There are 4 protein chains.
Amino acid sequence: MHRKLRFGMIGGGRGGFIGAVHRIAAQMDAQAELVAGAFSSDPKRSRASGRDFYLDPTRVYGSYGEMARAEAAQPRERRLDFIVIVTPNHEHFRPAKLFLELGFNVVCDKPVAFDLTEAKALRALVAKTGKVFVLTHNYTGNAMVRQARQLVRAGKLGVIRKVVAEYPQGWLATRLEATRHKQASWKTDPKRCGASGCLGDIGTHAENLIRFVTGLEIDELCADLTTFVQGRRLEDDGNVILRFKDGARGVLQASQICIGEENALTLRVYGTKASIEWQQEQPNELIMKFADRPRQVWRRGNGYLHAEAVRHTRVPGGHPEGYLEAFGNIYREAFRAIRAEVSGRRPPRDVCFPTISDGVSGM
Amino acid sequence: MHRKLRFGMIGGGRGGFIGAVHRIAAQMDAQAELVAGAFSSDPKRSRASGRDFYLDPTRVYGSYGEMARAEAAQPRERRLDFIVIVTPNHEHFRPAKLFLELGFNVVCDKPVAFDLTEAKALRALVAKTGKVFVLTHNYTGNAMVRQARQLVRAGKLGVIRKVVAEYPQGWLATRLEATRHKQASWKTDPKRCGASGCLGDIGTHAENLIRFVTGLEIDELCADLTTFVQGRRLEDDGNVILRFKDGARGVLQASQICIGEENALTLRVYGTKASIEWQQEQPNELIMKFADRPRQVWRRGNGYLHAEAVRHTRVPGGHPEGYLEAFGNIYREAFRAIRAEVSGRRPPRDVCFPTISDGVSGM
Amino acid sequence: MHRKLRFGMIGGGRGGFIGAVHRIAAQMDAQAELVAGAFSSDPKRSRASGRDFYLDPTRVYGSYGEMARAEAAQPRERRLDFIVIVTPNHEHFRPAKLFLELGFNVVCDKPVAFDLTEAKALRALVAKTGKVFVLTHNYTGNAMVRQARQLVRAGKLGVIRKVVAEYPQGWLATRLEATRHKQASWKTDPKRCGASGCLGDIGTHAENLIRFVTGLEIDELCADLTTFVQGRRLEDDGNVILRFKDGARGVLQASQICIGEENALTLRVYGTKASIEWQQEQPNELIMKFADRPRQVWRRGNGYLHAEAVRHTRVPGGHPEGYLEAFGNIYREAFRAIRAEVSGRRPPRDVCFPTISDGVSGM
Amino acid sequence: MHRKLRFGMIGGGRGGFIGAVHRIAAQMDAQAELVAGAFSSDPKRSRASGRDFYLDPTRVYGSYGEMARAEAAQPRERRLDFIVIVTPNHEHFRPAKLFLELGFNVVCDKPVAFDLTEAKALRALVAKTGKVFVLTHNYTGNAMVRQARQLVRAGKLGVIRKVVAEYPQGWLATRLEATRHKQASWKTDPKRCGASGCLGDIGTHAENLIRFVTGLEIDELCADLTTFVQGRRLEDDGNVILRFKDGARGVLQASQICIGEENALTLRVYGTKASIEWQQEQPNELIMKFADRPRQVWRRGNGYLHAEAVRHTRVPGGHPEGYLEAFGNIYREAFRAIRAEVSGRRPPRDVCFPTISDGVSGM
C-alpha cells in the first residue's frame, strides 16, 4: 500500500474553526488527501465547501447518511481509508457508529460523544469491529508533552505528589452566543454540547493531559461549577480539587470567562525528586525543577530528547512548532495505525494516540 | 519630633531568617534605628546577637519580660518608639500584649497569633490602647500590588468574577525538621506554629493578597489539606476552592512540597472588563489583559502609575526592587503612623499597612 | 482555474532539511500538490525520494535538465504551475534561469544566487519573462512581523532612529562539516555557498527583516567577520555597524558559534514615538514600548490586529503558530500571484512576498 | 573596632537620584551610618538635606572644602571612616584627591573622573596613600554576576569567543535637559560630564561588566557615536564592535534614546563549551546554554551556587533581590576593606569590589 491515504470529512464546512484545523493537520505532511465530505447539514453549504477544497462534486454530500451509502459502495481503489468527524458533540455518535459499522476507520474530534452511554457504546463497537478510532486530544501531540510523559515514566520525578492543571480562556466572557457566533452557539447549548460547558469543552483537555503525562487516575473530586454570564445554560467556569488513586492530590481549573486569556493550558507536576511545567502557549519548552540543581529548560528539536519527543518533531530546535504541528502529530501517529489496518497488519508497537478509552475516561 | 525612630526587637537572633529581614527593612531608609532587644530566650545567644548589631549591652536582654520592665523605665529621650516581634507564632501574643499594655507601638510578624482567640484579644487591646499595631504581610508593600489594588478600586477590571492565588514552595519536600533546621523545626511543630502548617504559613499570604487587592471576602470554602512528608504533624499542602461574598469564585493553592519552587506566589484576578496578573518573583511588573486590546505590562517606577504605587518605590524603573524593598515599604508606611502616634497627631489619611484586623481575618 | 496548483521540486531529497520544510509549507493548506521533481543529482536517490512522496515515477528525474525537457512538454492539464528550487546556493541560478525561460513560475530558497552577477541576471530575466519569482525569506511570513511592518508604515513609531537585529545560532560551534553532515558541509564550502558563510546564510535573514519591517536602506556599514573554527574557510561570526540612508543607525550581529543558541533571530526598532521588539523563537508576540504608557504585548490571532496580520494567520490566538505556518504564509501569498499569472490576470494589489529584488538587495 | 562605620557624603542632596541610592546601599545592613555631609554647593540646600537625614547640623557643610577642614579635625571617636562622592563627574576628582590626602577612605560614584589624566592621578594617589578607594560599578555587586564570573574562571565556558553587551535606555529620547531636569542637565553637558555622554554614562557599565565577568581586555574597537536629539552636545547612542586581546570578538551597544527601555543592561558570553546570559532587569537569574544539554537557569539564593554568589545574597531564593541589594553588596565588600584599613589590618584575601584600576580602564 504505497500511496497517500484518502479521507472524507463529516462537518467542517465554511466558517467553522476545527474543520480547517483537521484538514491542515491531516494534510500537512502530504500523507493523506481529503477526497469526500458531508460538510454541512445544509446541502448547499456542503457543496460550496467541497468546491473550496477542490473536491470532485460527486463525492460531496448533503448528509453523512448519504455519504455513508455512496462511499461504502466505492470500488477498492477509491475507497476512503478513514473518515474525520468534526460536527458538534451531539452529532459525533451516530456518524461514528455508522461508519465504524461500514468498516471505516474513524478520527473523531473530542469529546467522543454526547454522554457516557454513547461513549461506552462506541467503545464496544470499536472493540467489535477492530477498526482504528482516534480521538483528537491534540495537546498530547506536542513533542514536549511526549518528553514530559517519558520523564515521568522513567522515574525522573520520583513519586508524583501534586498536579496543577489549568485551562483559562476568555472568549465567552460575554454572551457571544446571542450574536449568532456559530461556535459559541453550540458550545453553550446543552442540546448540542451535552451536560457540561466549560469543563466538558476544555477541562477535559486538562484532565486528558494529566492522565497522558502522569498516568494518574482520579479517585475523588470536588468541583465548583459556575455560570457567570446571565442567560447561559451551561457552566462557563469550573474549579476542581482532585484526589488521585495513589495518594497524589491536585487542582484543575478551567474557565471561559477569564478575559484576555487565550488558550493558557498549563500543567505542573510535582514529584518527590523533581517537578515539571509545560505551557501550551510556549509549547517548545519544558521546564524541569530540582531541589538542589539549576532549573532546566528542555527545548524541542534537540538531540538530548527522548526518541518519542524526537519522533513528534518536524523542524530543528529554535524554529518553533505550534498547535497545528501538534495536531498533525496525532494524525501522523494515527496514519501508522490506519496504514497497518488497511494493509491487514498489526499496528506498530510504539504507536501512541488518544483512543476511545480516553474518550470514556474523559466522560 | 525630628529624629530617627528607636526600636527594639523580640526574637531574631543569630541564624534566623526573618529577624534579619525586619532589621534591613526597618533600617534601609535610615528612618529608624535598632537600639534594644531580647533576641533569644537563651541569654547568651541574645547577648551575642546584640553585639552583632553593635548595641549597647545594657539594652540587650535575656527575655522579653526583662526587656519590657527595663525599657518601660527608660527616660523619654531614650524610650523606644516601637518594638518588633519576630519570634515563632506561639510567642507572638504574650510579648505583643505586654508591650501594648506598656504603651509601645508594635510591629509583629505574621501570623498575628497562635489562634483566633489570641488574635481577637489583641484586636481588643489595640482598640483600647490606641497604639499602632502593624502586621507585616509584606507582599502588600510591593508597588505593583498597590497599583493592582488601585486598578480594582477604580473599576478598571469591572466586577470581579474569578481569583486564582497560588503560593507553591519546595523547601519542606523532605523532612527538613529532622535535621535541626531551626525554621523548619518550629514551622512544622503544632505547639509553636498553631493548628495549621502550610496554609497558616504561606496560604495566609495568598489570602491576604487577595483581600488587599480585590477587597473580596471569603464566604465559603472547601479545603483539601495533605501531609505528604511522613512523620510530619502539620499539613504541607493545601488546595482550596473559594466562594466570595459577592458571587466571585476562586482557587487558592499553597504547598511546601513543590520541589524546585521557591516563593512562587502569584495572583490572578479576572473581572468583567479586564484581568490582572502579578507574580511575586517578578514583582516589578503587573500584567493587564483585555478582551480586545493588546496586553499591557505595567512596570514599577514609571510616571503612568498611581500615586500609591509611586509612593511605594525607591528607584526609577528598570532598576529592579525586590522583597526587601517591599518589606521596607510596610515599615515606611508604619513609620508615618508611628511618628504621628508618638507626636500625638492623627495618622495621615492615606496611610495603608496590614493591621490587627488583617490578622483576625487571616485566622 | 479552480484546482490545486501543481508543482515540481529541484533538490530536497532524502535527508535534507529545507526541502521538507518547503513541501510542508507548500502543501499544508491543500492549495498545491507536489507532482514532479529532480530531488538529487544522484538519480537513485532522486527516485527513492520521489517514491517517499508517492509521486508518479515517470515524473521523477535524475537531473533538473532532464526534468525541464520533460515537463516543458507536458500537456496543459498536467503542466506544472511552478517549480521550487531548494538546492545548495551554487545550484540556484542555473535551474532558475532554465525554468523561467521555459515559462515556469519559480519559488527559490534564499539566497537567490551564488553572487551578485547571477542575482542581477535573474532579475533581468524575471522582468523579461513576466513570471512570478518568489524568494523564501520566510520570516517575513510571520503574522506579527506583518503587524510590525504595518505599525511602522502607519507612523506609530515616529521616525526610526535605531535598529538592532541579531541572529545567533550555535550549530557550527564545532567543525561539524568534518563529520559528513550534509548541510554543514555545503554551508561552509565557498564553492557551493558563495563568498560568505554566516552573514550570507543567516545575516541576510536579519537584513531582510530590517528592510521588510522598516523600509530602511543601508547606506554604510562596518563589518567584522571572524572564522572561529579552525580549518573552516568561511566566516562563522559577524558583527556589523549599520548606517541607514535617512540617518538611522543600527547593529546587526549574526553567528553560528554561539553555543546553545538555536535560531534566536530578533529585531528591535526604536523610533521617536515608540519601539517594537520581535523574537523569532516567540513569534506569536510583538512587544511595543512607549515613553509614558505601559508596554503592550500584541498577540497573533486577535481582532485588534491589522488586516495584513490577520490574513497571515490560520488559527485563533493562544494556539501558537510557528516556523512552518510562517513559511506557509509565503507560499499562500505566492499562490495568489501564481494563480493570477496562470490565469492571465494581474496579481492582487495587496499581495506581498519577497521577490528577486530582495535577493539582489541581500547580496 | 566593634562599631558601625561613620561616613560623610559629598553631593547627593534633595532631589537627586544617586545620592539616595548610596545612602540606602550603605546603610541597609546597619553596618555604617551617615553622620556628616556637604550635600550641595548651595549651603541652604545642603543644610536642608542634612536635616532630612537627621544629622547634627554642625556636621553639615556648605562645601566639601569646608567639610574637609572640619572633619579632618574631628577627634578619633568621631572621625569619619570614609566619605562618599556622588557629585556630577567633573566634581569627582578634586574632593577625592582632597579627602585621600587627608587620610580618608573614599567611595566614589562612577565614572571615577572627568578624564583619563584625572583618573591616572587618582590612581597614583591611592597607591601612595594606601587608602581604600571604591568605584561603585554597582552591577558587579549582583550575586548572579558573581556566579557568572566564577563559572568563567572555573573554565565552564571553555575559551570565550564572543561577547555581546547592551545597555539601552530611553529616558533621553527627548530633550529632557531643556526642562531643567537636574540629572539630564548635567549628564548632557560636556563641561560637567566629560567628553562622552551615553557611552561614558552607561556604556562604561557594560564594558565594566564584560571585564568583571570574563577578564577580557579590549584590544581594538570601532565605534559609531550618534547624537539623535537636536541641540544636544554629547552622543546619546553608541554602537561599538570589539576585538579582545585573546581573539574574542564582541559587540557593545548603549543608548539613551531607545524609547520604552529602562535599564536593559544585558551580557551574553559565548565560549567553546557553554554560554551564559544575564539581564539586569531579571537579576536573580543566570541562564547557561549548552550544545547538547538542556538550558540551565541558575537562581540566586540556592545552595548550588558558588560561595562568592552566596556571600552576595541577603535573603533566600524566590525572594527577589534587586538594584539596591546589589549596590549594597559593593558597600558590604568595601566595608570589609575599610574596617581592615581603619584597624590597620590587611584586607581579606577574597574581598572584591571595583577600584581605581577599573576607573582608569573605563576611561
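Things worth noting here:
Residues are listed down the side, and each one gets a yes or a no for (1) more than 28 Å from residue D:74 (Cα to Cα); (2) among the aromatic types (Phe, Trp, Tyr); (3) without any contact (Cβ under 8 Å) to a residue 12 or more places away in the chain; (4) buried (at least 22 other Cβ atoms within 10 Å of the Cβ):
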position	(1), (2), (3), (4)
D:96	no, no, no, yes
D:103	no, no, no, no
D:106	no, no, no, yes
D:120	yes, no, no, no
D:127	no, no, yes, no
D:136	no, no, no, yes
D:139	yes, yes, no, yes
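- Any hit, the stretch D:46-57, residues being modelled with pLDDT under 95, surrounded by fewer than 18 Cβ atoms within 10 Å (Cβ to Cβ) and not assigned by TED's automatic domain parsing to the domain that holds residue D:182: no
- Options B:119, B:72: the member that is small (Gly, Ala, Ser) and under 17 Å from residue B:341 (Cβ atoms): B:72
- The stretch D:131-169: number of residues that are within 14 Å of chain C (Cβ to nearest Cβ), under 27 Å from residue D:334 (Cα atoms) and among the basic types (Lys, Arg): 0
- For the stretch B:78-105, the set of residues classified as under 17 Å from the mean Cα position of the chain (by Cα) and closer than 18 Å to residue B:40 by Cα consists of B:83, B:84, B:85, B:86, B:87, B:88, B:89, B:90, B:91, B:92, B:93, B:96, listed by residue number.
- When residue B:201 is tested against (1) touching a strand residue (DSSP E or B) at 6+ places or on another chain (Cβ under 7 Å); (2) under 24 Å from residue B:149 (Cβ atoms); (3) of a type outside the set (Lys, Arg), exactly one condition is not met: (1).
- The listed residues are C:129, C:140, and the only one of them that is closer than 16 Å to residue C:361 by Cβ and of a type outside the set (Gly, Ala, Ser) turns out to be C:140.
- Against the numbered list (1) away from every other protein chain (no Cβ under 13 Å); (2) in contact (Cβ under 8 Å) with a residue 60 or more places away in the chain; (3) under 28 Å from residue C:262 (Cβ atoms), residue A:195 comes up short only at (3).
- Here residue A:72 clears all of (1) touching a strand residue (DSSP E or B) at 6+ places or on another chain (Cβ under 9 Å); (2) surrounded by fewer than 21 Cβ atoms within 10 Å (Cβ to Cβ) except the condition numbered (1).
- Counting only residues that are within 24 Å of residue A:258 (Cα to Cα), modelled with pLDDT of 95 or more and under 18 Å from the mean Cα position of the chain (by Cα), the stretch A:141-188 holds 5 of them.
- Leading residue by the ranking (surrounded by the fewest Cβ atoms within 10 Å (Cβ to Cβ)) among those in the stretch A:221-242 that are more than 24 Å from the chain's Cα centre (by Cα) and within 9 Å of another protein chain (Cβ to nearest Cβ): A:222
- Residues that are of a type in the set (A, V, I, L, M, F, W, C), out of contact with any Phe, Trp or Tyr (no Cβ under 6 Å at 6 or more places or on another chain) and surrounded by fewer than 17 Cβ atoms within 10 Å (Cβ to Cβ) do not occur anywhere in the stretch B:329-339.
- Inter-residue pairs, beta-carbon under 8 Å, first modelled with pLDDT under 95 and in the stretch B:236-248, second β-branched (Val, Ile, Thr) and not in a strand (DSSP E or B), 6+ apart: B:246/B:159
- Candidate set: the stretch B:235-257, residues that are part of a loop (DSSP other than H, G, I, E, B) and in contact with an Asp or Glu (Cβ under 8 Å, 6 or more places away or on another chain); chosen: the one nearest to residue A:297 (Cα to Cα): B:257
- Helices (runs of 4 or more DSSP H) within the stretch B:112-216 that include 3 or more residues out of contact with any Cys (no Cβ under 8 Å at 6 or more places or on another chain) and not charged (D, E, K, R): B:116-129, B:143-153, B:182-187, B:204-214
- Of the criteria (1) within 14 Å of chain C (Cβ to nearest Cβ); (2) in contact with a Cys (Cβ under 7 Å, 6 or more places away or on another chain), which one residue A:331 fails: (2)
- Looking only at the stretch D:248-275, and only at residues there that are more than 8 Å from chain C (Cβ to nearest Cβ) and of a type in the set (Gly, Ala, Ser), the one that is surrounded by the most Cβ atoms within 10 Å (Cβ to Cβ): D:254
- The set of residues from the stretch C:170-190 being away from chain D (no Cβ under 14 Å) and of a type in the set (S, T, N, Q) comprises C:183, C:185, C:188.
- Residue within the stretch D:27-35 that is more than 19 Å from the chain's Cα centre (by Cα) and β-branched (Val, Ile, Thr) present: yes
- Per-region count, the stretch B:310-328, residues away from chain D (no Cβ under 13 Å), over 20 Å from the mean Cα position of the chain (by Cα) and not β-branched (Val, Ile, Thr): 0
The values are calculated or read from the model by the stated rules, or taken from the named source; none is laboratory data. Owing to the predicted nature of the structure, the values given are computational and were not obtained by experimental measurement. Glycine gets a Cβ as well: all are built from the backbone with ideal geometry, and neighbour counts include every protein chain shown.
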